[in-house]
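Read the structure below first, then the notes.
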């Protein structure tokens, strides 16, 4: 796994340095689509993982994907290069590192907010403002509904976890009771 991270970082750094920051978001969106497509389509995944398929088959598949998704030349070229170097299995890691570089350059942080029920617009804004002030960065928030937390909220952002969910509080209480 460590090797994958080194390789992913090298790819991401090269890609990050080869494009203007304003074009990076579009590239990340396109790579995300390609990654999702490969992860979700069994037959497509087989083209890239099975030794029964030759490099030409893989390159043809990328050409077809690029046409269907209207990928930019940069995105298509990058994916073709990754396929030729037999590193397509690292695309998720590359994408994660590239996204981290992009957010850092934009002085942004990604946050995942988990609640048991949807939040209204006013709470969305208050939460965004609170995270912005706490982390001193602009925040891109992904909202996840998870009824198993029973209430409250869990926020993961910038290496921090803020857990004020009922499930989290019960776990802390249980741990304290077991310790004595």
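The values are calculated or read from the model by the stated rules, or taken from the named source; none is laboratory data. For clarity, every value in this text was computed on a predicted model and none was experimentally measured. Please note: Cβ atoms are built from the backbone with ideal geometry, for glycine as well, and neighbour counts cover all protein chains shown.
Of note:
- Meeting the requirement of 2 or more residues that are under 14 Å from the mean Cα position of the chain (by Cα), the helices (runs of 4 or more DSSP H) wholly within the range 1-55 are 2-17, 21-40.
- Set side by side, the residues 79, 38 differ, and just one is buried (at least 19 other Cβ atoms within 10 Å of the Cβ), under 26 Å from residue 20 (Cα atoms) and touching a helix residue (DSSP H, G or I) at 6+ places or on another chain (Cβ under 8 Å), which is 79.
- Set 70, 66: member being more than 30 Å from residue 128 (Cα to Cα) and exposed (fewer than 14 other Cβ atoms within 10 Å of the Cβ): 70
- A count restricted to the range 115-152 and to residues that are closer than 26 Å to residue 170 by Cβ, surrounded by 15 or more Cβ atoms within 10 Å (Cβ to Cβ) and out of contact with any helix residue (DSSP H, G or I) (no Cβ under 8 Å at 6 or more places or on another chain) stands at 2.
One line per residue, one yes/no per condition, for (1) assigned to a helix (DSSP H, G or I); (2) assigned by the TED database to the domain that holds residue 14; (3) within 28 Å of residue 22 (Cβ to Cβ):
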{"site": "100", "(1), (2), (3)": "yes, yes, yes"}
{"site": "113", "(1), (2), (3)": "no, no, yes"}
{"site": "129", "(1), (2), (3)": "yes, no, yes"}
{"site": "134", "(1), (2), (3)": "yes, no, yes"}
{"site": "148", "(1), (2), (3)": "yes, no, no"}
{"site": "171", "(1), (2), (3)": "yes, no, no"}
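- Answer from 112, 164 - the residue that is more than 25 Å from residue 30 (Cα to Cα) and surrounded by fewer than 16 Cβ atoms within 10 Å (Cβ to Cβ): 164
- Residue 92 closer than 30 Å to residue 141 by Cβ, assigned by the TED database to the domain that holds residue 16 and surrounded by fewer than 18 Cβ atoms within 10 Å (Cβ to Cβ): yes
- Among residues of the range 56-79 that are in contact (Cβ under 8 Å) with a residue 60 or more places away in the chain and in the same structural domain as residue 33 (by the TED database), those with a beta-carbon under 7 Å from a residue that is in a helix (DSSP H, G or I) and buried (at least 19 other Cβ atoms within 10 Å of the Cβ) at least six positions away or on a different chain give the pairs 78/15.
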